[in-house]
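Notes follow once the structure below has been shown.
The values are calculated or read from the model by the stated rules, or taken from the named source; none is laboratory data. Treat the numbers as computed from the prediction; the structure is a model and nothing was measured. Virtual Cβ from ideal backbone geometry, glycine too; neighbours counted across all protein chains shown.
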Amino acid sequence: MVKVLVTGGAGFIGSNFVRYALGAHPDWHVTTLDKLTYCGRLENLRDVMDSPRHTFVKGDIADAVVSAPLVQAADIVVHFAAETHVDRSLQSAGEFIHTDVFGTFVLLEAARQAPRLRRFIQVSTDEVYGSVPTGASRETDELRPRNPYSASKAGADRLAYSYFATYQVPVVVTRASNNYGPYQFPEKVIPLFITNALEDQPLPLYGDGLNVRDWLHVDDHCRAVDLILEKGVAGEVYNIGGGNEVPNVDLTKRILDLVGKPETLIRPVADRLGHDRRYALDTAKLRALGWDPVHVFADGLAATVEWYRANPWWWGPIKHQDPAFQAYYQQQYAARTAGQP
Ligand code: NAD
Ligand code: TDX
């Protein structure tokens, strides 16, 4: 059995990856290490929790007592665990430094003494390049992160590389664009807007709505990580981009059309502070390994709308019964709708 440690495997991308990996690799045993923060949910893994090839461990990556033995027993580490929401990092960045930077450091220290380890995938993000007005970021471009989330991810990205350069830890860094698909926490724009539209609630569109994101289906992301595990070179960085650049206002209108609700639900609100205008990735390096996204954005978005329509059991309790989420929503959007950032 190949022993694979997935950190953050109860989150959005991590849970999709665990499910994908168990299906694609009958010879893998996957251990999920997850702190179960507000974003980590065992419901995301309910269909694999009983698998004899999957073990769930609740714990903080920054707690070496828990995380180091798991890293040291692994053949492969795929490190997804992070604080991930830009707006939350603008309110309070401490947890981002704790998990994204310090937690990554703890895992990397353990990886120095991991006899079986052949790959450590550091899951980074396109946000580390900062806002890209024209063209597309290449892996060799300078990193210019502009918010506390992306700065903490950039720190982890380069820290991981330093453990390759210094100690030969077999690190490969991936930088993906905005993901969408099932099990994404309803604070991120696509699930927030779909679920608000389903309930006839306003869709709070930041600024002029012309910020651009490049959308990548989570399944295409999982296949890319798998291919990079197989063919990627230690010490290298690989961009993973969907090739679907869409201004937010167009995305919002598409969601409303798919849900069957009027554009009068669009509520322009005060902009995000330091809002990156555009991200775009050059994916030639990954394509040369043999990867292409298979999901067409229009179809993937329609399927995602249908997933949220069919699974209110998953998001309804978060939005309607979780006082922490409700407090966050109030704090985040009450002032915005009153015109303050
Ligand atoms: P998510 O917020 O849905 O999930 C993060 C998971 O990490 C949660 O299950 C959470 O409980 C866990 N976690 C947080 N702190 C932890 C800690 N200290 N110890 C152990 N577990 C902890 O995030 P996601 O959207 O699935 O993103 C996964 C990774 O992919 C992150 O590293 C993120 O930076 C990166 N990424 C995300 C996107 C995107 O569009 N969502 C794009 C590019 C890169
Ligand atoms: O209510 C909203 N209104 C709005 O207009 C929200 C939540 C967002 N937006 C805009 C801001 C962005 O331009 O939509 C765009 C997407 O926002 P998010 O879903 O918050 O994603 P983003 O900030 O682009 O970051 C995401 O992609 C890169 C993930 O959250 C990161 O973890 C990943 O690294």
Point to revise | Whichever residue in the range 17-34 is surrounded by 24 or more Cβ atoms within 10 Å (Cβ to Cβ) and not β-branched (Val, Ile, Thr) and, among such residues, is farthest from ligand 1 (Cβ to nearest atom) | key: Ala21
Revision key, fill the gap. For the range 254-269, pairs from a residue that is more than 16 Å from ligand 1 (Cβ to nearest atom) and in a loop (DSSP other than H, G, I, E, B) to a residue that is among the charged types (D, E, K, R) and modelled with pLDDT of 95 or more, with Cβ under 9 Å and 6 or more apart or across chains, are Lys261/Asp200
Review point. Taking the condition touching a helix residue (DSSP H, G or I) at 6+ places or on another chain (Cβ under 8 Å) and in a helix (DSSP H, G or I), does Val106 pass?
Key: yes
Exercise for review: Mind telling me which of the residues Leu301, Leu289, Leu265 ends up being over 30 Å from Leu90 (Cβ atoms), touching a strand residue (DSSP E or B) at 6+ places or on another chain (Cβ under 9 Å) and modelled with pLDDT of 95 or more?
Suggested key: Leu289
Practice item. Go through (1) without any contact (Cβ under 8 Å) to a residue 12 or more places away in the chain; (2) charged (D, E, K, R); (3) within 15 Å of ligand 2 (Cβ to nearest atom); (4) over 30 Å from Thr337 (Cα atoms) one by one and return the number of the condition Asp220 breaks. Key: (1)
Point to revise | Thr134 vs. criteria over 22 Å from Tyr180 (Cβ atoms), assigned to a loop (DSSP other than H, G, I, E, B) and among the polar types (S, T, N, Q) | key: yes
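Okay, residues lined up against (1) of a type in the set (S, T, N, Q); (2) within 16 Å of ligand 2 (Cβ to nearest atom):
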site	(1), (2)
Trp28	no, no
Lys35	no, no
Ser51	yes, no
Val57	no, no
Ser67	yes, no
Asp87	no, yes
Point to revise | Tally of residues being crowded, with 19+ Cβ neighbours inside 10 Å and either on the phi > 0 side of the Ramachandran plot or more than 9 Å from ligand 2 (Cβ to nearest atom) (or both) across the range 197-217 | key: 5
Review point. Among Ser124, Ser152, Ser137, which is the only one that is touching a residue at least 40 places away in the same chain (Cβ under 8 Å), over 27 Å from Lys231 (Cα atoms) and either buried (at least 22 other Cβ atoms within 10 Å of the Cβ) or in contact with a Leu (Cβ under 6 Å, 6 or more places away or on another chain) (or both)?
Key: Ser152
Exercise for review: Check whether at least one residue in the range 155-169 is surrounded by fewer than 23 Cβ atoms within 10 Å (Cβ to Cβ), touching a residue at least 60 places away in the same chain (Cβ under 8 Å) and closer than 23 Å to Val189 by Cα, and report yes or no.
Suggested key: no
Exercise for review: Mind listing just one residue for me: the one in the range 109-131 that is in a strand (DSSP E or B) and within 14 Å of ligand 1 (Cβ to nearest atom) and, of those, farthest from Ser150 (Cα to Cα)?
Suggested key: Phe120
